[in-house]
Every structure is written in C-alpha cells, then in structure tokens.
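Everything below concerns the one structure shown next.
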Amino acid sequence: MSAVPLEVVEDIASRQAALHQPPPAPAQEPDPQDLPVRPHVHISLNVRGLSQSSTLAINERSARLERQGRKVFRMGLGQSPFPVPPTVVEALKANAQQKDYLPVRGLDALREAVAAYHHRAQGIERSADDVLIGPGSKELLFILQLCFYGDLLVPSPSWVSYAPQAAIAGRQHRWIDTRRADGWRLTPAALDAVCREDPDRPRILILNYPSNPLGVTYSADQLQALARVARRYGLVVLSDEIYGEVHHQGRHASIARWYPEGTIISGGLSKWAGAGGWRLGTFTFPPQLRGVLDAMAVVASESYTSVSAPIQHAAITAFSGGPDMADYLARSRRVLRQIGPAIAARLRAAGCDLDDPEGGFYLFPDLSAFRERLAARGIHDARLLCERLLEDTGVALLPGSDFGRAPSELSLRLAYVNFDGARALEGAAALADDAVADPGFLAEHCADSMAGIERMARWLETL
Ligand SMILES: Cc1ncc(COP(=O)(O)O)c(C=O)c1O
C-alpha cells in the first residue's frame, strides 16, 4: 500500500476542518428603512400611472368638503336622480329568491325582452341570440376592448372611461377632434379623413348619443351621413345609447337603423330606469358580428360568470315597457326639459358658450370668452378652473380634459341632476307637456341646482 503524500493529508484535513467551521457571518441585513420604495413594481404596465375614474374622484372630494361643513353643489357625477320605477322594484322583490347562476349570455327571457324592446323602439330586427347581458354596460365595453381586433376611434370629447379602458386592455386609441361650431359632434368628413389614411384597416368607432359629456345628440340626417362613411370603410360602430330613453323629446334614433350590419347597440338600466347601482347592461349585436359576441361570452364566462339573477329577472319588466314605464319616462323627460335649458340659459347670460341640451343629464360649457380674465387670476387650464370654482363657489364640475380635450381648453362638464328625483317626478305630473322653464317648478324642485348655477354665474360675471 503506497503512502499518501503528506500535503494531500493536510489538504483533506483542512477541508474537513472547513466543513465544521461555523458559516461565515452574513453581510449585515439592510435596514428596511433604507430600502427604496417601489410601490409600482407589482403593477401591470397597462395600469401603472392610471388614476381612479375622475367622476368618482370628484364625488369623493365633494364628500370630503361636505364633511368639513362646506356647502357643495354636486354637479360632477351624473347618476340618474330618479328612483327605480315601482313596477321594476316590485319585480325585484318578487325575484329575491332567485339564486341560481344564470347563463353567461343572460337569462333567455331577458334577452328576448331586450330584442323586442329594440324592435319596438327603433324597428330593428334582433333575436335573443344577438343579445349579451353584462354587469353594467361599462364592463361590456371593457370586455369588447379586450376582444376586438382593430383600431379604436373615439371622438373628442367623449365619456371618461373609453380611453382608460383601452389603456388597461393594452390597446391604442385615437381621438378624432370635433369643433364647437359643430356642437362638438363627430362629422362624416372628420371620420372619413381618418379612415382614408388606410381604408382596409379594421376599426371600431365608439359613438355615444345623447352624449355624456355634451348633452347633445345626432339628427337622423347626421346619423345617416356617418352610417355612409362607416359602411364605406366597413367600420364596426359601438353605439353607446345608454341615454337614448332620456332624449328630452323622447325621439332618440339609433344609427343601427341606417347601418344595421355593423352596429352594436350598448344600453342598460342605469340612466333611464334610475338603476345604476343594479349593474345591468346590454349589448345587442348584428348577426354579422356574432363572432365578437361569442368571444365576449368566453371572457364573461372566465370573469364575472353572469349578472345577478334577481336583477336580471326584474330587468325583464323594465325592458317590456307598458303604460307605467311610459308614464315614468315621460315625467323624467319633462323634469329634464325644465332644468337643462334653464341652466344653459343662465350660463349663456353670464357669457359661457353652450347650446341647450337635447338629452341626458349634461352640459358642456366653453369658457374661452373668460380666458384673459381667468389668466389674470392665474387660471390657465380647465382643471385649475374646476378647483377654483369648487373652492370659491362650492360648485363641483369636471374639466373638459377628463373627456379628451386639451388641458388648456377652458371647457367644463356639468351634470344637472343633483335634485330629489322622486319629488321632481311627482311634481312633473302637474306640469303641462310643453311647459318650459316653469319658475314655480324650478324653485320647488331644483332650487339647489339653480342656486349653484347662480353662484357660478355670479363668480364668472365678477371676474
Ligand atoms: C356614456 C356612458 N356610457 C356608459 C356608461 C356606463 O353605464 P353602466 O355601466 O352603468 O351601464 C356611462 C355611465 O356613466 C356613460 O355615461
């Protein structure tokens, strides 16, 4: 047996000794206070930097001021002031025991009622298979953005959530500019100019009328002209008609009448049945776009499953119409016809540029005429203008920049529905159908809104 060289023995011995050494002392633990704070590290790039929907933010800010004892005229958030129609509430009570998950696309009877409603209201032929029910049209709009392949076109100004939804879904959107001279409406020429750049590109246009934030709508002629452009380029039109039934004259027309093959109609209970918190929205597709509906139903099945069962059962009553619903809507429109034009007139008298509203709950005054006087007070953009107005007059509004306008443009969105809708509906029963700006009605039912507008008008007049 040959001897092991001494240096090898020593090496083995030293390695064995090393194995039994205590591990080296760890480097000193960093003090948590010294660690860099990286709050965004776990947040998707699509969501980073987005803030909460501005309509909700202004509501919370107004509530904070009120808790401090300040008088706030809440004209930022535009939810329906009217109670849910009693027959619909009764239907909800009668269905409280409905407990099963419902089909992803919605209850058959509800989808049939929605299809029948479109036929009654607009003469559009659709079947239950063309309808998708969701937890609010907002969620359906979001799922559409996830599913749709193509460019998204949005007129500016438009409702606050279309653009952030696009960002969250990881898609680009393109604003199409509009002009005050056209009542801020999308023109066929502007739409054509965008589509002509690349005629075959798949695109979807979101068109909302009566409009939030504008309060205006499109005439039949204007819709037909837009429909011709849409057909020329094979656009899909998402027609957001959530305010259709609160067209102040009850004369809402859908672009689907003239472009049935490419129009998806978006609607729901939130605005005309006073049931925003019930969360029920509807999309009605042309058979040509069944593939989009099917794709959305897959996403729905993997996310919210189905809309609450009692709400769907109750919604059948709302969509089925009848004399009670007709009376409720007629009175709602009568109230809106009183207050909207009265507020517009007072703001015009103070120097604002705006038209009378045609539908919905909103006005979009342009305060460009005050630019120099506001600049002398250090106010150069609409956001700061809103902050000062809230601070000085208690009137809470939203800047036009939240709706896609340039930050420096002095446009504002005003919601005139901060009154007691239940009382106003009762009062409207006594109003003649053609009554305009009835001082007694306004003083009795809309005093708070009128007082806020008076404060705002005086603030502007004394700039
Ligand atoms: C223009 C417009 N579209 C869609 C919605 C979403 O309504 P909902 O999700 O309640 O159906 C709103 C709500 O404010 C809106 O103003």
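Using 0.36 nm times the number of residues separating residue 430 and residue 31, minus their current alpha carbon distance, what extension gain do you get? Working shown, then result.
Details: separation 399, 0.36 × 399 = 143.64 nm, distance 7.24 nm.
Once the chain is fully extended between residue 430 and residue 31, it gains 136.4 nm.
Looking at the chain, which longest stretch skips every one of the trypsin sites (Lys or Arg not before Pro) that is in a DSSP loop with at most 15 other Cβ atoms within 10 Å, leaving the sites themselves out?
Details: sites that count: 48, 70, 71, 99, 179, 251, 377.
That would be 252-376.
Using only the Cα atoms, work out Rg/Rh for the chain, with Rh taken as the Kirkwood radius, to two decimals.
Working: Rg = 28.5 Å, Rh = 24.6 Å.
Reported Rg/Rh (Cα atoms, Kirkwood Rh): 1.16.
Using Cβ counts within 10 Å as a stand-in for footprinting exposure, how do 317, 305 rank, fewest first? Walk me through the intermediate numbers first.
Numbers: 317 23, 305 12.
Lowest count first: 305, 317.
Could you give the length gained by full extension between residue 97 and residue 422, i.e. 0.36 nm per residue of separation minus their alpha carbon distance, to one decimal place? Mind dumping the intermediate values first?
Numbers: separation 325, 0.36 × 325 = 117.00 nm, distance 2.74 nm.
Fully extending the segment from residue 97 to residue 422 adds 114.3 nm.
Can you sort 87, 187 so the residue with the fewest Cβ neighbours within 10 Å comes first? The partial results should precede the final answer.
Working: 87 16, 187 19.
By the 10 Å Cβ count, ascending, the order reads 87, 187.
Hey, what do the phi angles of the stretch 328-338 turn into as Karplus ³J(HN,Hα) couplings, whole Hz, using 6.51/-1.76/1.60 and θ = phi - 60°, x for Gly and Pro?
These are the phi-based 3J(HN,Hα) values: 4, 5, 4, 6, 4, 5, 4, 5, 5, 5, 6 Hz.
So what is the relative contact order of the stretch 86-320, in percent, for Cα pairs below 8 Å that sit 6 or more residues apart?
Answer for the stretch 86-320 is 31 percent.
For residue 184, list long-range residues whose amide hydrogen, built 1.01 Å from N in the peptide plane, is under 5 Å from its own amide hydrogen.
179
Which FRET efficiency value, to the nearest 0.05, is calculated for residue 308 and residue 125 with the Förster distance at 25 angstrom and r the Cβ-Cβ distance?
Values: r = 29 Å, r/R0 = 1.17.
Given R0 = 25 Å and the Cβ-Cβ separation, E is 0.30.
Relative to the longest principal Cα axis of the chain, at what angle does helix 382-393 sit, 0 to 90 degrees, rounded to 10?
Between the helix axis and the principal axis of the chain, the angle is about 70 degrees.
If each residue's Cβ is checked for other Cβ atoms within 10 Å, how do 112, 461 rank with the fewest at the top? Please report the intermediate quantities before stating the final value.
Working: 112 18, 461 11.
So the residues, fewest neighbours to most, are 461, 112.
What list of ³J(HN,Hα) couplings, whole Hz, do you get for the stretch 287-301 from phi and the Karplus terms 6.51, -1.76, 1.60, once you set θ to phi - 60° and write x for glycine and proline?
Working through the residues one at a time gives x, 4, 10, 4, x, 5, 4, 4, 5, 5, 5, 5, 4, 4, 5 Hz.
Quick one: which residues, 5 or more positions from residue 208 or on another chain, have an amide H under 5 Å from its amide H? H modelled 1.01 Å from N in the peptide plane, none for Pro or chain starts.
For residue 208, whose amide H was placed from the backbone, the distant partners under 5 Å are 240.
Report, in degrees rounded to the nearest 10, the 0 to 90 angle that the Cα long axis of helix 447-461 makes with the longest principal axis of the chain.
80 degrees
If one computes the Cα centroid of the stretch 441-463 and of the stretch 148-176, what distance in Å separates the two points?
Centre-to-centre (Cα) distance: 35 Å.
Could you give the nm distance between label points at residue 375 and residue 149, where each point is 7 Å from its Cα heading toward the beta carbon?
The answer from the label model is 5.0 nm.
Using each residue's phi in the stretch 125-137, evaluate 6.51 cos²θ - 1.76 cosθ + 1.60 at θ = phi - 60° and report the 3J(HN,Hα) Karplus result to the nearest Hz, with x for Gly and Pro.
Listing the rounded values in order: 7, 9, 10, 4, 5, 8, 10, 10, 9, x, x, x, 5 Hz.
Run the helix sum for the chain: -39,500 (n - 2.57) per DSSP H stretch of 4+ residues, divided by residue count, reported at 222 nm to the nearest 500 deg cm²/dmol. Spell out each step's value before the answer.
Details: 16 runs with 193 residues, N = 463.
Dividing the helical sum by the residues of the chain leaves -13000 deg cm²/dmol.
With charges set only on the Cβ (+1 for Lys and Arg, -1 for Asp and Glu), what does the dipole of the chain come to about its Cα centre, in debye to the nearest 20?
Dipole magnitude for the chain comes out near 840 debye.
With an 8 Å Cα cut-off and a minimum separation of 6 or more residues, compute the relative contact order for the stretch 394-448 in percent.
Values: 33 pairs, mean separation 15.7, N = 55.
Here the relative contact order equals 29 percent.
With each label point set 7 Å from Cα along the Cα-Cβ vector, what nm distance links residue 221 and residue 45?
4.9 nm
Could you tell me how many degrees, from 0 to 90 and to the nearest 10, lie between the Cα long axis of helix 309-320 and the main elongation axis, the longest principal axis, of the Cα atoms of the chain?
On a 0 to 90 degree scale, this one is about 30.
Pairs of alpha-carbon atoms within less than 8 angstrom and 6+ residues apart define the contacts here; what relative contact order does the chain have, in percent? It would help to have the intermediate numbers written out before the result.
Working: 799 pairs, mean separation 96.3, N = 463.
Averaging sequence separation for qualifying contacts and normalising by length gives 21 percent for the chain.
Just so you know, all these numbers are worked out from the coordinates, no wet-lab data involved. Just so it is clear, the model here is predicted, and its values are computed rather than measured. Cβ atoms come from the backbone with ideal geometry, glycine included; neighbour counts cover every protein chain shown.
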